[in-house]
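Below: one structure, written as structure tokens.
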Amino acid sequence: MKARHICAVAGVALAVGLVVFMHSLAKSNDHQGLTFARQMLSALPIEAGAKVTMLAPDYRPDGRPLQGPPLRAVVATRTDASVPDGGILVSKALFAQRKMVPPAVGTELTFTGRQGAYVLKVSGVLDWDRPVRGYPNAYVSEKTAADIAETWNGWEPKTAEELAPGFTGDDGRNLGRVQPLLLWAAFLTALALIVNSVFLSLEAKRRDLAILRVLGLTRAGVMRRTAWEALTLALAGAAVGSLLAVLCTKGYVAYERTLFPVGPAYAWRSVGMAFVCAPLAAIVATVLTLRASLSVKPLEAVSSRLPRKRLFGTLVAFAVGFGAFVAVEVWGASLMRSFVPSTEWPDAIVSILPAGVSSFEIENLQGKLPGVRRIHELAPLQLDILPKEELKGPQGPGLRGPNYRNALLLASDWLPEFKFVAGDRKSAEEALKAGDNCVITEMMARARNLKMGDGIRLDCQHGLTNTLTVVGIVDLNWHLVTSRGLVRGLNRKPVNTDGPLFVSFDTLDACDPPPSAVVNMTHLWLDYEPEFLASNGVFAAGRSVEKEIVAALGGADLLSEDGEVRGNNVQLHMRDEVSDGTLAHGDEMIGSMARIPYVFLAVITLGFMAMLVASADGRKKQFAILRAIGATRFQLARILIREALRVAVGGLVVGGLVGAAAGWLFTSVTRAAMANWGLPPAFSVPWVPIAEGAAGAILLVLLVAVPTSLVLIGRVTRR
């Protein structure tokens, strides 16, 4: 078997093997569900008659509030000595929701419920780190439970069979989401390597094929030979790759026996897909090389020219791999751009949950917070939009009945310096004070086809309805600020919303008449003095002001207007911290998807080995002459290395341009699928990761080209 065939089969085998291996691991993990459920019932037993409630821990391992989904503590009562009064016994599963290390024993944590905030000391950590939604992951004594003024429900015992489906891991779900990308990347990799091999083969055997043409072989016969070669390479690679994946899965599961007590489960469906896609790749490869196959002429049988360098196939293969990587990066960056908070949003949003404090106490904060130049009350309220349209998909815990599309009303006596795309700030402020009017975001206007003067009809509290008139439209990315700032879902609404409506306090009161004269405020937003922020930095400024607010409002137990002690938890979320967290999470999400085509790009570099072998064989006489007149082996090897680098750079340029266009196309398709969100068109090229990827691709080529070239030159010169 020729080097080009070996490289093609090896590349296809690696691509197929990677897909089958990853799917087999995910399937093996899910296969352990029943065993894990029995182990969890043993590690986290629930006593008969136990009661449970749900709390949200404010855990800050690095001192910062979490910028992702909140932790959910399902707390159950327990009577044994491991749970002292005032303490809480936690499991690793509670913190494994965010892949975090549990706190040390003795650490005090604040837990927030619907009725209050509670400070509990960690009395122990249970060694169970597989979270299952809804199953208790923390324990308190019955006396501590009595002190926690939340609604406690009886626990309904669960069998291992009922709990087993809950162990479908995130890896399996994530793999399911990226499965189309994984399959496409493997298919394109196999296709690129087969095309490269066929191009090289046609050139290497060109004179032999021409002789056969003289003897009667038709053009169709040449094409059949090409198709048979492509099919053989594809099927051989699929067979070798599937076998290797099965063996690797078996070996890995045996090595990690504690993680896979039941043993392996193989992704036979992926194996079947590999053997379905292999002939398809061969057919496409035959079509792509059709012109080269049909161009073989009988007269070439008497030609004495050396085989031409066939670099095109390798260039295309490399461009395909790098282009897929660029496409994912551009797609992710363009999509994430709509979620990065706008700089027009105030510097910070503060939650005082669950009870809030009176407006008088917030008024007393004015001028008492060092470095803060502006502070205002902010009152959130979510209301269903009429006519009602039900939200699909799972909703947050504690929600009952259908949930409908809703608007997030944000009431304040101040309208920030937003960027208006319709109307202007001065007239909008006057209109908000005058009556039932609102300012909406451009995203909501786009999603619901709203314009200036249109009305938004809302299903208000206590059986009332109200129609708010749009008096301004602003260009504002708000998603993750309102999410991290904990302003959504407070009045038993889903955390998903069509967008914020900025209104006055009078409008909010008209939609939700207060039951008493005094209404506590649960949120506020503020801006810093620029010098204070510049001298302290985002993190230090936020923590400093947060401490000042807690101290000014009375410490951990914040007093309500009537003097009743209500536990509250204060969290300050900086807009720029949220932005950093957004970008970090986005990079993590995009990076994990971009690694898929990048791994296959590494596989495609095997094509350079085949190209260099063909190039060295075609230049044997040239190299012999150069060697005879004094050229060193390294000088000869540099000729091949430079050739490989030229092909690689050409592939990077072509792949970069095509990948950027494909990424923008994917973004447009994704936006169309998410039309209800009103996401704006945004084309963003993440230059840094793409540049790093290009540098890594060149390094991969050098790692293949340098040793291959040295070996080939050594073999040629020895002859």
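Readers should treat all values here as calculations from the given coordinates under stated rules, not as data from a laboratory. Predicted, not measured: the structure shown is a model, and the values here were computed from it. FYI the Cβ positions are ideal-geometry reconstructions off the backbone, even for glycines, and counts take in every protein chain you see.
When you count the other C-beta atoms within 10 angstrom of each residue and take the mean per peptide, 614-626, 226-238 line up highest first as 226-238, 614-626.
Think of the chain as a dipole: +1 on every Lys or Arg Cβ, -1 on every Asp or Glu Cβ, centred on the Cα centre; then among Met444, Cys248, Asn29, Cys248 lies furthest on the positive end.
In this structure, Asn153 and Val649 have a Cβ-Cβ separation that, at R0 = 56 Å, corresponds to a calculated FRET efficiency of about 0.30. Multiplying the residue separation of Arg257 and Ser668 by 0.36 nm and removing their Cα-Cα distance gives an extension gain of 143.5 nm. Here's the picture: charge each Lys and Arg Cβ at +1 and each Asp and Glu Cβ at -1 in the chain, and of Ile362, Tyr266, Leu490 the one pushed furthest to the positive end of that dipole is Tyr266.
Straight-distance candidates among the lysines for linking to Lys205, with alpha-carbon spacing under 26 Å and chain neighbours fewer than 8 residues away dropped: Lys2, Lys297, Lys309, Lys620, Lys621. Over the range 47-156, Cα pairs under 8 Å with separation of 6+ residues give a relative contact order of 37 percent.
Think of the range 47-156 as a dipole: +1 on every Lys or Arg Cβ, -1 on every Asp or Glu Cβ, centred on the Cα centre; then among Thr107, Tyr59, Gly124, Tyr59 lies furthest on the positive end. May I ask you to derive the FRET efficiency for Lys297 and Trp228 from their Cβ-Cβ distance with R0 = 25 Å, giving the value to the nearest 0.05? E between Lys297 and Trp228, to the nearest 0.05, is 0.75. Principal axis extents of the C-alpha atoms in the range 230-293 (largest first, rounded to whole Å): 55, 17, 13. When Lys27, Lys547 are arranged by Cβ crowding within 10 Å, least crowded first, meaning fewest neighbours, the order is Lys547, Lys27. Ordered by the count of other Cβ atoms within 10 Å of each Cβ, fewest first, Met609, Met336, Met452 give Met452, Met336, Met609. Computed over neighbours whose Cβ is under 9 Å from that of Val421, the net charge equals -1, Lys and Arg +1, Asp and Glu -1.
Across the chain, the relative contact order, built from alpha-carbon pairs under 8 Å that are at least six residues apart, equals 19 percent. Shape of the range 47-156 from the C-alpha gyration tensor: rounded (a/c under 1.5, with a ≥ b ≥ c the square roots of its eigenvalues). Placing +1 on each Lys and Arg Cβ and -1 on each Asp and Glu Cβ, with no other charges, gives the chain a dipole about its Cα centre of roughly 6400 debye. With N as its number of residues, the range 348-578 has a Cα radius of gyration that, divided by 2.2 N^0.38 Å, comes to 1.02. Derived scalar couplings between HN and Hα for the range 624-641 equal 5, 5, 4, 5, 5, 8, x, 5, 7, 4, 5, 5, 5, 5, 5, 4, 5, 5 Hz in order, rounded to whole Hz, by the Karplus curve 6.51 cos²θ - 1.76 cosθ + 1.60 (θ = phi - 60°), x for Gly and Pro. Suppose we keep just the DSSP beta bridges with both residues in the range 34-123; what percent of those would be antiparallel, to 5? Taking every DSSP beta bridge within the range 34-123, about 85 percent pair in antiparallel fashion.
Need the C-alpha centroid separation for the range 126-154 versus the range 334-389, integer Å. The distance from the Cα centre of the range 126-154 to that of the range 334-389 comes to 31 Å. Under 5 Å between amide hydrogens, built in the peptide plane, is the criterion, and for Val421 it picks out Ile473, Val474, Asp475 among residues at least 5 positions away or on other chains.
Taking amide H positions as modeled 1.01 Å from N, with prolines and chain starts lacking one, the residues under 5 Å from Gln571 and 5 or more places away or on another chain are Ser351, Leu353. At q = 0.09, 0.10, 0.12 Å⁻¹ the log10 of I(q)/I(0) for the range 130-277 amounts to -0.57, -0.64, -0.78, computed by Debye summation with a single uniform scatterer per C-alpha, solvent ignored.
Helix 425-434 and the long axis of the chain differ in direction by around 40°, with both axes built from C-alpha atoms. Quick one: if the Förster radius is 41 Å, what FRET efficiency do Val287 and Arg633 give, using the C-beta to C-beta distance and rounding to 0.05? After rounding to 0.05, the efficiency reads 0.50.
Based on C-alpha pairs under 8 angstrom that are at least 6 apart in sequence, the range 348-578 has a relative contact order of 36 percent. Here the gap between Ala146 and Arg457, fully extended at 0.36 nm per residue and compared with their Cα-Cα distance, gives a gain of 107.7 nm. Scalar couplings 3J(HN,Hα) for the range 151-161, obtained by applying the Karplus form with A = 6.51, B = -1.76, C = 1.60 to θ = phi - 60°, are 7, 9, 10, x, 8, 8, x, 10, 8, 4, 5 Hz; x denotes Gly and Pro.
Each of Trp687, Trp331 has some number of other Cβ atoms within 10 Å of its Cβ, and from fewest to most they run Trp687, Trp331. Label separation (Val214 vs Asp506): 10.0 nm, computed from points 7 Å beyond Cα along the C-beta direction.
Compared with the alpha-carbon gap, the fully stretched path from Thr35 to Glu363 is longer by 112.4 nm at 0.36 nm per residue. Applying a 4.7 Å Cβ-Cβ cutoff to the chain leaves Cys7, Cys248, Cys277, Cys438 as cysteine residues with no disulfide-compatible partner. Counting only DSSP beta bridges whose two residues both lie in the chain, roughly 75 percent are antiparallel. Per-residue ellipticity at 222 nm computed for the chain from its helices equals -17000 deg cm²/dmol, with DSSP H segments shorter than 4 residues left out and the rest contributing -39,500 (n - 2.57).
Put simply, the amide H of His523, placed in the peptide plane, has neighbours under 5 Å in Ile352, Leu378, leaving out anything fewer than 5 places away on its chain. Along its three principal directions, the equivalent ellipsoid of the chain from the Cα gyration tensor extends over semi-axes of 61, 32, 24 Å, largest first.
Angle of helix 219-255 to the longest C-alpha principal axis of the chain, folded into 0 to 90 degrees and rounded to 10: 50°.
Working note: Karplus 6.51/-1.76/1.60 with θ = phi - 60° gives the range 689-695 the couplings x, 5, 5, 5, x, 5, 4 Hz, where Gly and Pro are set to x.
Of all lysines in the structure, those lying under 23 Å Cα to Cα from Lys547, and not within fewer than 8 positions of it along the same chain, are Lys121, Lys368.
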